[in-house]
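Asker: Here's a structure for you.
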Amino acid sequence: MAQAPLTLAEATDKAKELRAQLNQYSHEYYVADKPTVEDYVYDRLYKELSDIETEYPDLITSDSPTQRVGGKILQGFEKVTHEVQMYSLNDGFSKEDIYDFDERVQKLAGKPVSYCCELKIDGLAISLKYENGKFIQGATRGDGTVGENITENLKTVKSIPLELKKPISVEVRGECYMPKQSFVNLNKEREEAGQDVFANPRNAAAGSLRQLDTSMVAKRNLSTFLYTVADFGPMTAQTQYDALNELSEIGFRTNPEKKLCQTIDEVWAYIEEYHEKRSELPYEIDGIVIKTNEFTIQDELGFTVKAPRWAIAYKFPPEEAQTIVEEIEWTI
Ligand SMILES: NC(=O)c1cc2c(=O)c3cc(F)ccc3oc2nc1N
């Protein structure tokens, strides 16, 4: 039985309630990886909100889940200048490189330091800006000083919050990536459509974020892991490990495999552990990022022209791309 049409007042209240409920379900599914409802529950509420917004377009808000599907055709990507430079990392390729890094850092710091170790996600570095809790700008790293404005495309990435849990103004950085399974599915579709396939998930993510049709990006199932606070705003973390937890508390998706290591031996054990586990992860990693944990020490060590002195990326030897795809295809 069709419901009597809602008055504007009823529709306004109902839309607000549905947005909050849907954004909560979406956070659980795409950010916390802990969905609490079946898809059909979400879909039914989504349709209810979408119908209200069709009836009353003025009720559409920037953080409405209906804004995630894209549908804009962009003319191109404007340039964005990063007020806080987006550096790259120095690479290490051997155990010796990692122990040399530790020796340099301890000498510069003048004392033993602890390290925060993180998986090195093989995606595309992005910067996200929020004003009073609202997502206002997303950009690529570019050359570290000038990147591309890909805000409209990043709005379709479900793990990127359109509104934070607190109305704060911050700039955060992280990696946008395509999960392995999505990569295999996308290449299957492209092959069947006679299109070129992507060589690896990183290229697929980069190619997806360069789409000018935002509805195409929405279909690519991209995700994110955030790892840096560029402009702290009111955030209080004094170490990298705590900053990752704080990023998660305000609504960002962070990688759960981080580890606080008191010695470089512990760091090396972590590197070996994840070199083993690499093929089981649902996303590609190309190494491990090691950072001095205390921000006071990061400030003391600072940056060279190219990279921070207080971090190093240990790069795993490249896995044959074929093995990755074969392994996944076997699991389908
Ligand atoms: N791909 C990654 O998973 C990853 C990348 C970086 C960086 O590129 C990076 C660059 C800096 F100048 C400083 C810290 C960083 O931390 C990082 N942490 C990570 N987990």
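Asker: To the nearest 20 debye, what is the magnitude of the charge dipole of the chain about its Cα centre, counting +1 on the Cβ of each Lys and Arg and -1 on the Cβ of each Asp and Glu?
Answerer: Working: 38 positive and 57 negative charges, 129 e Å.
Here the chain has a charge dipole of around 620 debye.
Asker: Rounded to whole Hz and in sequence order, give me ³J(HN,Hα) for the range 173-178 from the Karplus expression 6.51 cos²θ - 1.76 cosθ + 1.60, θ = phi - 60°, writing x for Gly and Pro.
Answerer: In residue order, the calculated couplings are 9, x, 10, 9, 9, 10 Hz.
Asker: Also, I was wondering about something else. In the structure displayed, which of 219/291; 34/277; 111/277; 165/306; 47/155; 79/180 lie more than 25 Å apart, Cα to Cα? If you can, show how the numbers build up before the last one.
Answerer: Details: 219/291 34 Å; 34/277 22 Å; 111/277 32 Å; 165/306 34 Å; 47/155 20 Å; 79/180 30 Å.
Violating the 25 Å Cα-Cα cut-off are 219/291; 111/277; 165/306; 79/180.
Asker: Related question: Would you grab the residues whose amide H sits under 5 Å from the one on residue 227? Only those 5+ places off in sequence or on another chain, please, with H modelled 1.01 Å from N.
Answerer: Answer set, sorted by chain and number: 173, 174, 175.
Asker: What is the sum of charges, Lys and Arg at +1 and Asp and Glu at -1, for the other residues whose Cβ falls under 14 Å from the Cβ of residue 111?
Answerer: On the way: positive: 104, 107; negative: 102, 103, 294, 300.
Overall, the nearby charge balance is -2.
Asker: On to the next question. Which number do you get for Rg(Cα) / (2.2 N^0.38 Å) in the range 116-209? Spell out each step's value before the answer.
Answerer: Working: Rg = 15.1 Å, N = 94, 2.2 N^0.38 = 12.4 Å.
Working it through for the range 116-209, the quotient is 1.22.
Asker: What distance in nm separates the simple spin-label points at residue 236 and residue 60, each placed 7 Å from Cα in the Cβ direction?
Answerer: 4.0
Asker: Here's a follow-up. Using 0.36 nm per residue, how much length does the chain from residue 193 to residue 108 gain when fully extended, once their Cα-Cα distance is taken away?
Answerer: Details: separation 85, 0.36 × 85 = 30.60 nm, distance 5.59 nm.
Full-extension gain reported as 25.0 nm.
Asker: Can you give the FRET efficiency for residue 94 and residue 215, using 1/(1 + (r/R0)^6), R0 = 45 Å, r = Cβ-Cβ distance, to the nearest 0.05?
Answerer: Values: r = 45 Å, r/R0 = 1.01.
Efficiency, from the Cβ-Cβ distance: 0.50.
Asker: How high is the relative contact order of the range 173-332, in percent, with contacts defined as C-alpha pairs under 8 Å that are six or more residues apart? Could the numbers behind the result be given before it?
Answerer: Numbers: 164 pairs, mean separation 36.7, N = 160.
Value for the range 173-332: 23 percent.
Asker: Quick one: which of 305-312, 184-191 comes out on top by average Cβ neighbours within 10 Å, and what's the full order, highest first?
Answerer: On the way: 305-312: 17.6, 184-191: 15.5.
My ranking of the peptides, most packed first, is 305-312, 184-191.
Asker: Now, a different point. Mind listing the Cα extents of the range 228-305 along all three principal axes, in Å, largest one first?
Answerer: Extents along the principal axes: 38, 29, 26 Å.
Asker: Taking the alpha carbon gyration tensor of the chain, what are the square roots of 5 times its eigenvalues, largest first, to the nearest whole Å? Present the calculation step by step, with values, prior to reporting the outcome.
Answerer: On the way: eigenvalues 276, 116, 67 Å².
Over the Cα atoms of the chain, the ellipsoid semi-axes are 37, 24, 18 Å.
Asker: Can you work out ³J(HN,Hα) from phi for every residue in the range 256-263, in order, using Karplus 6.51 cos²θ - 1.76 cosθ + 1.60 and θ = phi - 60°, giving whole Hz and x for Gly and Pro?
Answerer: x, 8, 5, 8, 8, 10, 8, 9
Asker: How high is the FRET efficiency from residue 14 to residue 79, r the C-beta distance, R0 51 Å, rounded to 0.05?
Answerer: Details: r = 41 Å, r/R0 = 0.81.
Given R0 = 51 Å and the Cβ-Cβ separation, E is 0.80.
Asker: While we're looking at this one, here's another question. When Lys and Arg each count +1 and Asp and Glu each count -1, what net charge do the other residues less than 11 Å away from residue 315, Cβ to Cβ, add up to? Don't skip to the answer; put the middle values down first.
Answerer: Details: positive: 120; negative: 91, 97, 122, 286.
Combined, the nearby Lys, Arg, Asp and Glu give -3.
Asker: While we're on this one: Summing -39500 (n - 2.57) over the DSSP H runs of n ≥ 4 in the chain and dividing by its residue number, what mean residue ellipticity at 222 nm do you reach, to the nearest 500 deg cm²/dmol? Please report the intermediate quantities before stating the final value.
Answerer: On the way: 11 runs with 124 residues, N = 332.
Here the helix-only value at 222 nm equals -11500 deg cm²/dmol.
Asker: If amide H atoms are built 1.01 Å from N in the plane of the peptide, which residues on other chains or at least 5 residues away come under 5 Å of the amide H of residue 287?
Answerer: Here the answer is 120, 316, since their amide H atoms fall under 5 Å of that of residue 287.
Bear in mind these aren't lab numbers, they're just calculated from the coordinates by the rules spelled out. What you see is a predicted model, and the numbers here were worked out from it, not measured in a lab. As a convention, Cβ positions derive from the backbone with ideal geometry for all residues, glycine included, and neighbour counts pool all protein chains shown.
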